[in-house]
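The values are calculated or read from the model by the stated rules, or taken from the named source; none is laboratory data. Only a predicted model underlies this, so the values are computations on that prediction, with no experimental measurement involved. Cβ coordinates were reconstructed from backbone atoms using ideal geometry, including for glycine residues, and neighbour counts include every protein chain displayed.
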Amino acid sequence: MKILHLLASPRQEASNTWWLSQQIVSRLRSLHPQAQIVLRDLHASAIGHVDAAYADALGSPGFVEDAGAAQGTLALSDLLIAELEAADQVVIGTPMHNYTVPSVLKAWIDHVVRVRRTFGITPDGKVGLLHDRPVHLAVVSGGRFTGASARQPDFLTPYLKVALATIGLHDLRLTVMEGLAAGAQVVRSERERVAMELDRQFSRA
Ligand SMILES: Cc1cc2nc3c(=O)[nH]c(=O)nc-3n(C[C@H](O)[C@H](O)[C@H](O)COP(=O)(O)O)c2cc1C
């Protein structure tokens with residue numbers, strides 16, 4: 001049993017994103033005590049933008065990668081896809097940045113959503129090539145973006161749903177902590193609320 005934990009907050013382990021995604025990881029660990037946790041801190045590992053060789057390879061339908069010869073972002077893509085393929089469950093901790101995912105998470109997506117490798121193209125559209133597995137999505141925001149009190153659009157959760165579904169990951173489980181910019185009191189009450197929500201969710205698992 002392997003759990004891949006992706007962290008996309010620039011505040012890393014000091015962040016509410018870390019706190020929330022760790023709540024999920026620790027509940028998974030209680031259910032699967034033997035689980036191996038692989039942490040991919042997207043800031044610490046400084047995943048950059050894809051390079052020209054990568055874009056050329058993806059744009060060449062006849063491109064065949066020489067085994068073990070990939071370089072630059074193509075090699076990083078191989079590594080990140082292998083990490084994802086090896087995971088039985090995935091936890092993605094992400095803040096909302098300008099209504100969508102932080103650029104480091106977008107960079108990760110550009111490395112793993114890869115034509116002819118993680119999705120294929122058919123006359124009916126794109127078809128995911130990875131087998132499905134639970135993806136726990138932990139989203140943290142300064143303002144509110146769900147329900148009647150939302151005061152901003154949400155391009156994060158619909159975007160991630162489509163990007164992950166493209167490669168075959170449809171089993172998305174969303175947990176949100178929002179409105180945290182209002183101060184420490186809201187952070188405390190959101191932590192309490194979400195801990196109870198996760199206890200309920202995982203007691204049914
Ligand atoms: C560059 C940047 C852009 C942000 N954009 C938004 C936004 O569009 N909507 C929002 O609600 N919060 C936004 N925030 C606030 C974060 O989502 C918020 O601080 C969240 O609580 C993340 O906290 P953490 O770093 O403790 O995980 C932004 C923060 C940064 C640094």
Filtered residues of region 103-134 (kept if under 16 Å from D171 (Cβ atoms) and of a type in the set (G, A, S)): G128
Mind listing just one residue for me: the one in region 82-97 that is of a type in the set (A, V, I, L, M) and within 13 Å of the ligand (Cβ to nearest atom) and, of those, nearest to E13 (Cα to Cα)? I92
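Scan region 66-100 for residues that are touching a residue at least 60 places away in the same chain (Cβ under 8 Å), among the aliphatic types (A, V, I, L, M) and assigned to a loop (DSSP other than H, G, I, E, B) and jot them down. Reasoning before the result, please.
Here is the first cut: in region 66-100, the ones touching a residue at least 60 places away in the same chain (Cβ under 8 Å) are 83-84, 86-96.
Subset that is among the aliphatic types (A, V, I, L, M): 84, 86-87, 90-92, 96.
Of everything in region 66-100, those that are touching a residue at least 60 places away in the same chain (Cβ under 8 Å), among the aliphatic types (A, V, I, L, M) and assigned to a loop (DSSP other than H, G, I, E, B) turn out to be A87, M96.
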Going through region 4-28 in order, the residues found to be part of a helix (DSSP H, G or I), near the ligand (Cβ under 10 Å from one of its atoms) and crowded, with 18+ Cβ neighbours inside 10 Å are N16, T17, W18, W19, L20, S21
If I filter region 151-169 down to residues being free of Cβ contacts under 8 Å to residues at least 40 places away in the same chain and over 15 Å from T100 (Cβ atoms), which single residue comes out as nearest to the ligand (Cβ to nearest atom)? R151
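Out of T100, T118, which single residue is within 16 Å of the ligand (Cβ to nearest atom) and of a type in the set (S, T, Y)? Spell out the reasoning first.
Working: T118 fails: within 16 Å of the ligand (Cβ to nearest atom).
T100 is the lone residue from the list that is within 16 Å of the ligand (Cβ to nearest atom) and of a type in the set (S, T, Y).
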What pairs come up if the first residue lies in region 18-44 and is under 27 Å from R193 (Cβ atoms), the second is hydroxyl-bearing (S, T, Y) and crowded, with 18+ Cβ neighbours inside 10 Å, and their beta carbons are under 7 Å apart, counting only those six or more places apart or on different chains? W18/S9; L20/T175; I24/T175
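Residues being crowded, with 16+ Cβ neighbours inside 10 Å and assigned to a helix (DSSP H, G or I): count how many of those fall in region 144-158. Can you show your working first?
Start the filter on region 144-158 by keeping residues that are crowded, with 16+ Cβ neighbours inside 10 Å, which leaves 144-145, 154, 156-157.
Those still in the list that are assigned to a helix (DSSP H, G or I) too: 156-157.
Residues that pass the stated criteria total 2.
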Condition first: crowded, with 21+ Cβ neighbours inside 10 Å and within 16 Å of the ligand (Cβ to nearest atom). Can you find one or more residues in region 43-65 that meet it? no
Test set (1) away from the ligand (no atom under 14 Å from the Cβ); (2) crowded, with 21+ Cβ neighbours inside 10 Å; (3) small (G, A, S) - S141 fails condition number: (1)
Taking the condition outside any helix (DSSP H, G or I), at pLDDT 95 or above and surrounded by fewer than 19 Cβ atoms within 10 Å (Cβ to Cβ), does G168 pass? yes
I need every pair where a residue in region 178-205 that is surrounded by fewer than 14 Cβ atoms within 10 Å (Cβ to Cβ) has its Cβ under 9 Å from the Cβ of a residue that is of a type in the set (D, E, K, R), sequence separation at least 6 or different chains. D199/R27; A205/R27
Considering (1) charged (D, E, K, R); (2) farther than 30 Å from V186 by Cα; (3) under 15 Å from the mean Cα position of the chain (by Cα), say which one K106 fails and leave the rest. (2)
